[in-house]
Amino acid sequence: MARVALVTGGTRGIGAEISRALQAAGRTVVASYAGNDEAARAFAADTGMNVIRFDAGDFGECQAAVEKITGDTGPIEILVNNAGITRDGTLAKMTREMWDAVLDTNLGSCYNLCKLTFDGMRQKKFGRIVNIGSVNGQAGQYGQVNYAAAKSGIHGFTKALAQEGARFGITVNAIAPGYVDTDMVRAVPPDVLQKIIARIPMGRLGRTADIARGVVFLTADDADFITGSTLSINGGQHMY
Ligand code: CAA
């Protein structure tokens, strides 16, 4: 039986490419999304994948979703915590709502879904968790104290949970993407983005496939000695 993978934020951007790549690797993929029904419907029609709508930052919604996926498709053995949002602004302009939204969605979601799937993975003595961090969690970024804190938190979370999962055959790793060509990055003011690209040694934005290949690698059945690591995929922008 194909292993079941849940990819949060899995119907658009980097997440959609991760979902497709895992499907191509023989996994049964369920892709979650928070609000864009139209994109999700188109993605499901195109790929034949199951999609499910819930807020990854809300524990109750995650609980209901994990129960539904387990009942309909099977126990989740591969979890990719990819869902993420930005609410950029300098600290002077950042409201508490901007802080909470980013921390809940980007970091709280990792707690929620790891908490809800970890026990099942322990029982199976198999699990693959990949948390999507960011170069901006490693290096910081002007205008992103919320996002940098959440993504940096993901890197610490990953190393701590990796230690708890190891004796149960559960690996927990992070990928730290750089600036990847998605709607999120296209929302950065063009002049700011040009300056950022100028500092990337490879001279271009990342492609979603650049990240997806890392997820396939880290979630392979035989990738069982790689845990607690962070794979930076950023075109050389930050060497950590
Ligand atoms: N370092 C130092 N100073 C900077 C700076 C920087 N990187 N960027 C801007 N400033 C300065 C400006 O020069 C300006 O100075 P003056 O007032 O003296 O002219 C001051 O800060 C205010 O700058 P802005 O006018 O740009 O301020 P703003 O409030 O309009 O916008 C901002 C601030 C929202 C942070 C905007 O600059 C911005 O969107 N920056 C991009 C942030 C970014 O990279 N986000 C990443 C999104 S993609 C992502 O997060 C995915 C991932 O994982 C990589």
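The values are calculated or read from the model by the stated rules, or taken from the named source; none is laboratory data. All values reported here derive from a predicted model rather than from experimental measurement. Every residue, glycine as well, gets a Cβ built from its backbone with ideal geometry; the counts of neighbours run over all protein chains shown. Ligands, DNA and RNA are stripped out before the accessible areas are found, and what is left, the full protein with its side chains, is counted by its heavy atoms. Shrake-Rupley method; radii C 1.70, N 1.55, O 1.52, S 1.80 Å.
In segment 83-107, how many residues are open to solvent by less than 20 Å² (accessible area, probe 1.4 Å) and of a type outside the set (A, V, I, L, M, F, W, C)?
Adding up the residues that qualify gives 2.
Taking segment 147-176 on its own, how many of its residues are open to solvent by less than 10 Å² (accessible area, probe 1.4 Å) and within 12 Å of the ligand (Cβ to nearest atom)?
5
Which residues, counting only those in segment 179-197, are open to solvent by less than 60 Å² (accessible area, probe 1.4 Å) and either more than 8 Å from the ligand (Cβ to nearest atom) or in contact with a helix residue (DSSP H, G or I) (Cβ under 8 Å, 6 or more places away or on another chain) (or both)?
Y179, V180, T182, V185, V188, L193, I197
Which residues, counting only those in segment 9-49, are surrounded by fewer than 21 Cβ atoms within 10 Å (Cβ to Cβ) and polar (S, T, N, Q)?
Passing the criteria: Q23, T28, N36, T47.
Here is a check on your reading of the model: is L231 out of contact with any His (no Cβ under 9 Å at 6 or more places or on another chain) and touching a residue at least 60 places away in the same chain (Cβ under 8 Å)?
no
Does I52 meet the test of being assigned to a strand (DSSP E or B) and either on the phi > 0 side of the Ramachandran plot or buried (at least 16 other Cβ atoms within 10 Å of the Cβ) (or both)?
yes
Do we have V66 as open to solvent by less than 30 Å² (accessible area, probe 1.4 Å), touching a Pro at 6+ places or on another chain (Cβ under 7 Å) and under 25 Å from K124 (Cα atoms) here?
No.
In segment 69-82, what residues are of a type in the set (S, T, N, Q) and either in contact with a Gly (Cβ under 7 Å, 6 or more places away or on another chain) or surrounded by fewer than 22 Cβ atoms within 10 Å (Cβ to Cβ) (or both)?
Of everything in segment 69-82, those that are of a type in the set (S, T, N, Q) and either in contact with a Gly (Cβ under 7 Å, 6 or more places away or on another chain) or surrounded by fewer than 22 Cβ atoms within 10 Å (Cβ to Cβ) (or both) turn out to be T70, T73, N82.
Consider N173 against the criteria (1) in a helix (DSSP H, G or I); (2) polar (S, T, N, Q); (3) touching a strand residue (DSSP E or B) at 6+ places or on another chain (Cβ under 7 Å): it satisfies all of them except one. Which criterion is unmet?
For N173, the exception is condition (1).
Could you tell me whether segment 72-90 includes any residue that is within 16 Å of the ligand (Cβ to nearest atom) and assigned to a helix (DSSP H, G or I)?
No, the conditions are met nowhere in segment 72-90.
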